[in-house]
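Participant: Below you'll find the structure I mean.
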Amino acid sequence: MRIAVLGSGYVGLTTGACLAETGNDVICADIQKDKIDALRRGEIPFFEPGLATLVAQNVAQGRLSFTTDPAGAVRESQIIFIAVGTPPDEDGSADLRHVVAAAREVGRAMDGERIVITKSTVPVGTARIVREAIEAETDHPVRVCANPEFLKEGAALSDFRRPDRVVLGVDDEVAAEALRDLYAPFVRTGNEILVMDTASAEITKYAANAMLASRISFMNSIARLCELTGADVDMVRLGVGSDRRIGPTFLFPGVGYGGSCLPKDVKALARTMKELGVDPAILDAVEKVNEGQKALLLDQCTERFGEDLTDRTFAVWGLAFKPNTDDMREAPSLVTIRGLLARGARVVAHDPVAMEEARRVLGDAVEFRDRNYDALDGADALIIHTDWHPYRHPDFARMRRRLGRPIILDGRNLYTRTTMREYGFEYYSVGRTPVRPARGA
C-alpha cells in the first residue's frame, strides 16, 4: 500500500517506519523543514531504542521517505494517517488545531477517494470533526477512521510490531477490511484486532491511559500509608498483584508519572467528562495524588536537611521521566531539582541519554557529568529519579567513598534495605521504613 503519515514526531515516525518495514511505501510529511532535513540525514529528533536503525534500513530500501509537501504525499497515497501533535490547552482539553489543519490539507489535496486515519490522541468526537473539515474542502468520498496508538516510550517498536491489541474505529466495512489487511503482519500470533465505532475507539485510548495513571496514583497513596504504619509497600504490592483480577503491572510505587501521555490524557479526559456532565472526581484525585508524589524526594530532602540548602550539594541519578527515553516532559526530576535550586543547593546530575534535553530545559543552573559515579563527589546525598539499568547494581563501596555523606534518597526502590544497612547507608525510599545507621556508625 501507499501510505502518507502527516506529522513526523514520536507517533508519526514510529508508525511510518514500522509500516514501511512490512513492505508498504510510506511518505512521512511534516511542515517543519528543519525536522525533515534532519530525518533525511538520518538524524532522529528524540531517543527511542532501535528506531534510528529501522528508519535507516527502510530509507535505504526506498520504502520510507520524507517530505515538507503534505499535499503531494496525500495525492500519492491511498491511506493517510494524521499523527500531528495535540498539546494540552490551558483548560486541560486537547488542542485540535493541528489535527483540523491537517484534515483541511487532506481535503484540498485529494484527487479521489481516500481512507484517513486519526493516529493522534484525540477526544471523542474528533473523527466527526475531521470528516467535516475534509468534506468542506472536497467532493471526493472519504472514509475517516480512528486508530489510537498504545506505544510506550522506550518500547515503541516492540509495541507496534507485537501489539496487545489493535483498535480500529471505523464507519464501514471497506475501511475495516483495508486496515485489517494493513495490520495483519503485526497480529500473526493471534493478538486481537478490535473493530468498533469511532467514538468507542477514541474513548478507549483515554480510558486506557487514565486506568494506568489511576493504578500508579493508587499505589503511591498506599505507599504513603505504609510509611506511616511500618508496612513494606513491596510486600503489599506482591500481595495485591497476585490477585488475578488485578495483576502485577503498574503497581510499583515511585515519584509519580510524567511524560507526554498520561498527564495530558488524564487532564483531557477529565475535561471531556466535565463538559458532558460526568463527574471526573476520580481523575481529579489521580492527578492531585500524582502532583503531590512528584514532590516526595524534595520533601525528603527538606525533612532531612532543612529548608535552607545553601552550601549543600546533591547528586541526581536519572533525569528522564522513565528509562529508555530522553523525554523530560512532566518529569518528576524537574520538581526536585528546581526545588533544590530555589533553596540554594548545588545540583550535579547524570542520565544515560537525557542530559542534552535536561540542559535545554534547566540551563546552566545544573552541573552534568558524563559518568554516574562522577556526580557523587562530595555530595551530601544521592537522589535517584529514574530506574535506568546501570543504576540497579552499582558498586556500593565506591559510592560510599565518593559521597560526602552516605545518604541515598531512592525514588524507585532500586535497592534492598538489607543491602543499604550492610554498606552503612542512610537510606530513604518509597513506602518502606528508612534505614538509619546506628548513632556513631
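What follows draws every value from the coordinates through simple rules; no lab data is involved. Since the model is a prediction, treat every value here as computed from it, not as a measurement. Note: ideal-geometry Cβ built from the backbone for every residue, glycine included; neighbour counts use all protein chains shown.
Participant: Sorted from fewest to most neighbouring beta carbons within 10 Å, what does the list Tyr257, Tyr415, Tyr183 look like? All intermediate terms of the calculation are to be shown ahead of the outcome.
Facilitator: Details: Tyr257 25, Tyr415 21, Tyr183 18.
Ranked by crowding around the Cβ, least crowded first: Tyr183, Tyr415, Tyr257.
Participant: Please compute the contact order of the chain in relative form: average sequence separation of alpha-carbon pairs under 8 Å and at least six residues apart, divided by the residue count, as a percent. Could you put the intermediate results ahead of the total?
Facilitator: Working: 884 pairs, mean separation 50.2, N = 441.
Reported as a whole number, the value is 11 percent.
Participant: I would also like to ask the following. Can you give me the Kirkwood hydrodynamic radius for the stretch 256-361, using every pair of distinct Cα atoms, in Å to one decimal?
Facilitator: For the stretch 256-361, the Kirkwood estimate is 15.2 Å.
Participant: Would you mind ranking Leu262, Leu157 so that the residue whose beta carbon has the fewest other beta carbons within 10 Å leads the list? Don't skip to the answer; put the middle values down first.
Facilitator: Values: Leu262 23, Leu157 19.
Ranking Leu262, Leu157 by Cβ neighbours within 10 Å, fewest first, gives Leu157, Leu262.
Participant: Report the dimensions of the stretch 206-293 along its three principal axes from the alpha-carbon atoms, largest first, rounded to Å.
Facilitator: Principal axes ranked by extent give 42, 28, 24 Å for the Cα atoms.
Participant: Beyond a 26 Å Cα-Cα separation, which of these cross-linked pairs lie in this structure: Lys35/Lys267; Lys119/Lys152; Lys267/Lys322; Lys33/Lys267? List each step's numbers first, then the result.
Facilitator: On the way: Lys35/Lys267 29 Å; Lys119/Lys152 15 Å; Lys267/Lys322 20 Å; Lys33/Lys267 31 Å.
As for pairs spanning more than 26 Å Cα to Cα, those are Lys35/Lys267; Lys33/Lys267.
Participant: Taking 1 over the mean of 1/r across every pair of different Cα atoms in the stretch 1-112, what Kirkwood radius in Å do you get?
Facilitator: Values: mean 1/r = 0.0705 Å⁻¹.
Computed over Cα pairs of the stretch 1-112, the Kirkwood hydrodynamic radius comes out at 14.2 Å.
Participant: Find how much the distance from Arg245 to Asp37 grows on full extension, using 0.36 nm per residue of separation minus their present alpha carbon separation; answer in nm with one decimal.
Facilitator: Working: separation 208, 0.36 × 208 = 74.88 nm, distance 4.90 nm.
Taking 0.36 nm per residue and subtracting the Cα distance, the gain is 70.0 nm.
Participant: Quick check: the distance between the Cα centres of the stretch 374-389 and the stretch 1-48, to the nearest angstrom?
Facilitator: So the separation of the two Cα centres works out to 36 Å.
Participant: Along its three principal axes, how long is the chain when you only count alpha carbons? Whole Å, largest extent first please.
Facilitator: Reported extents, whole Å, longest axis first: 82, 47, 42.
Participant: So, one more: Pop a pseudo-label 7 angstrom from the Cα along the beta-carbon direction at both Gln78 and Met235 and give the gap in nm to one decimal.
Facilitator: 6.1
Participant: Hey, can you rank 190-197, 311-318 by average C-beta count inside 10 Å, highest first?
Facilitator: 311-318, 190-197
Participant: Now, a different point. If the chain between Thr22 and Asp89 were fully stretched, how many nm would it gain, using 0.36 nm times the residue separation less the Cα-Cα distance?
Facilitator: Working: separation 67, 0.36 × 67 = 24.12 nm, distance 3.64 nm.
Between Thr22 and Asp89, full extension yields an extra 20.5 nm.
Participant: List the equivalent ellipsoid semi-axes of the stretch 317-418 in whole Å, largest first, each obtained as the square root of 5λ for an eigenvalue λ of the Cα gyration tensor.
Facilitator: Working: eigenvalues 81, 51, 30 Å².
Ellipsoid semi-axes (Å, largest first): 20, 16, 12.
Participant: List the residues whose amide H sits under 5 Å from the amide H of Val84, counting only those 5 or more places along or on another chain, with H placed 1.01 Å from N in the peptide plane.
Facilitator: Ser120
Participant: Let me ask you something else. Roughly what % of DSSP beta bridges within the chain run antiparallel, to the nearest 5? Each step should come with its number before you reach the end.
Facilitator: Working: 3 of 47 bridges.
Roughly 5 percent of the DSSP beta bridges within the chain come out antiparallel.
Participant: How charged is the neighbourhood of Ala270? Take every other residue with its Cβ under 9 Å from the Cβ of Ala270, and add Lys/Arg as +1 and Asp/Glu as -1.
Facilitator: Working: positive: Lys267, Arg271, Lys274; negative: Asp284, Glu287.
Net charge around Ala270: +1.
Participant: Moving on. Calculated from DSSP H runs of 4 or more alone, at -39500 (n - 2.57) each and per residue, what is the 222 nm mean residue ellipticity of the chain, nearest 500?
Facilitator: -13000 deg cm²/dmol
Participant: For Thr14, Thr419, which order do you get if you count the other beta carbons within 10 Å of each Cβ and list the fewest first? Could you put the intermediate results ahead of the total?
Facilitator: Values: Thr14 24, Thr419 13.
Fewest to most other Cβ atoms nearby, the residues stand as Thr419, Thr14.
Participant: Give, in nm to one decimal, the length gained when the segment between Arg128 and Arg188 is fully stretched (0.36 nm per residue of separation minus the Cα-Cα distance).
Facilitator: On the way: separation 60, 0.36 × 60 = 21.60 nm, distance 3.16 nm.
Stretched out fully, the Arg128 to Arg188 stretch lengthens by 18.4 nm.
Participant: Per residue, what volume in Å³ does the convex hull of the Cα atoms of the stretch 2-196 enclose?
Facilitator: Values: hull volume 22.5 nm³, N = 195.
Here the figure is 115 Å³ per residue.
Participant: Say each of Thr68 and Asp181 gets a label point 7 Å from the Cα, pointing the same way as Cα to Cβ; how far apart are those two points in nm?
Facilitator: Result for the modelled spin labels: 3.5 nm.
Participant: Okay, moving on. What distance in nm separates the two pseudo spin-label positions at Ala52 and Lys274, each 7 Å out from Cα along the beta-carbon direction?
Facilitator: Inter-label distance under the simple model: 4.2 nm.
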